[in-house]
Amino acid sequence: MLNAVISSGIFRGKKLTLPSLATTRSTKNLVKGSFFDTIRFKLSGRVFIECFGGSGVMALEALSNGAKAVIAIEKDKKAYEILKQNFIKITGADFGENRAILGDCFEKLPQCLSKLEDEIILYFDPPFEIRRGFDGIYEKILTLMADVSEFKNVKMICIEHMSKIKIPSEIADFECIKMRKFGATSLSYLERK
């Protein structure tokens, strides 16, 4: 069984189980470290939502680093069971405000956002479109990013994507403020204007 480790914050060193790499793609440690070095001080008092949650490693790392609450949304049932077990491992059987959600983020994310009043950071980590069945995933995500701009409490969006994909400099009310490249993977950060 593959594992990931929470690398910073109050849960540092806690091991998380990873789902099968045949159905998910785990965020590399270098990418995860860079992301949290960039946003760590923006997490306090905010809800962190991880779309395409897989193991929930990004959400649980955010919780470890001071997020008020975290939500991870995962569509694959086997990956979701691992996600749920990881949430139990870190938060206990009662997740409190934290949630592991089974479902399609294109449906579940707007539902979640409509119920939240706190400021929100969104993290998209879709399967790269080289995977079977995920053609056009980035176009769908860009549309979803534009749609969520109606929720004024969404303050930041970050997307982990293939480096060959160029994220627009503006999407609805969001402006791309930074992009970091890590070989075939890049992170693009967008903040509300």
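The values are calculated or read from the model by the stated rules, or taken from the named source; none is laboratory data. What you are looking at is a predicted structure, and each value in this text was computed from that prediction instead of being measured. Cβ sites come from the backbone with ideal geometry, for glycine too, and all protein chains shown count toward neighbours. Side chains included, ligands, DNA and RNA excluded: accessible areas come from the protein's heavy atoms. Shrake-Rupley method; radii C 1.70, N 1.55, O 1.52, S 1.80 Å.
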Inset, instruction - Write down the accessible area per residue of the chain in Å², having rolled a 1.4 Å probe over the full set of protein chains. - result: 47
Legend entry - FRET efficiency estimate (nearest 0.05) - Cβ-Cβ, A184 to K78, R0 25 angstrom: 0.50
Inset, instruction - Identify, among I71, F36, V148, the residue whose Cα sits farthest towards the positive end of the charge dipole of the chain, taking +1 on the Cβ of Lys and Arg and -1 on the Cβ of Asp and Glu, with the dipole about the Cα centre. - result: F36
Inset, instruction - Work from the charge dipole of the chain (Cβ charges, +1 for Lys and Arg, -1 for Asp and Glu, about the Cα centre) and give the residue of Y123, V5, L60 farthest towards its positive end. - result: V5
Inset, instruction - Keeping the other protein chains in place, figure out the carbon and sulfur percent of the accessible area of the stretch 78-193, with a 1.4 Å probe. - result: 49
Inset, instruction - In debye, nearest 20, what is the charge dipole magnitude of the stretch 61-119 about its Cα centre with +1 on Lys and Arg Cβ and -1 on Asp and Glu Cβ, if you could check? - result: 240
Legend entry - For the chain, the fraction of alpha-carbon pairs in successive 5 Å shells from zero, as %: 1, 8, 18, 22, 23, 17, 8, 2, 0
Legend entry - Spin-label model distance (nm) - A146 vs I88, 7 Å beyond Cα toward Cβ: 4.2
Legend entry - Principal axis dimensions, the stretch 34-141 - Cα atoms, whole angstrom, descending: 36, 29, 29
Legend entry - Helix-only [θ]222 nm of the chain, DSSP H runs n ≥ 4, -39500 (n - 2.57) each, per residue, nearest 500: -9000 deg cm²/dmol
Legend entry - Long-range amide H partners of L16 with built H, under 5 Å: A4, V5, I6
Legend entry - Net dipole in debye of the chain [+1 Lys, Arg Cβ; -1 Asp, Glu Cβ; about Cα centre; nearest 20]: 680
Legend entry - Computed E for F106/I10 - FRET, C-beta separation, R0 41 angstrom, nearest 0.05: 0.80
Inset, instruction - Could you give me the radius of gyration and the Dmax of the stretch 22-82, taking only the C-alpha atoms into account and expressing both in angstrom? - result: 11.7, 35
Inset, instruction - Would you list, by chain and number, the lysines whose Cα falls below 21 Å from the Cα of K108, excluding same-chain residues fewer than 8 positions away? - result: K68, K75, K77, K78, K84, K140, K152, K155
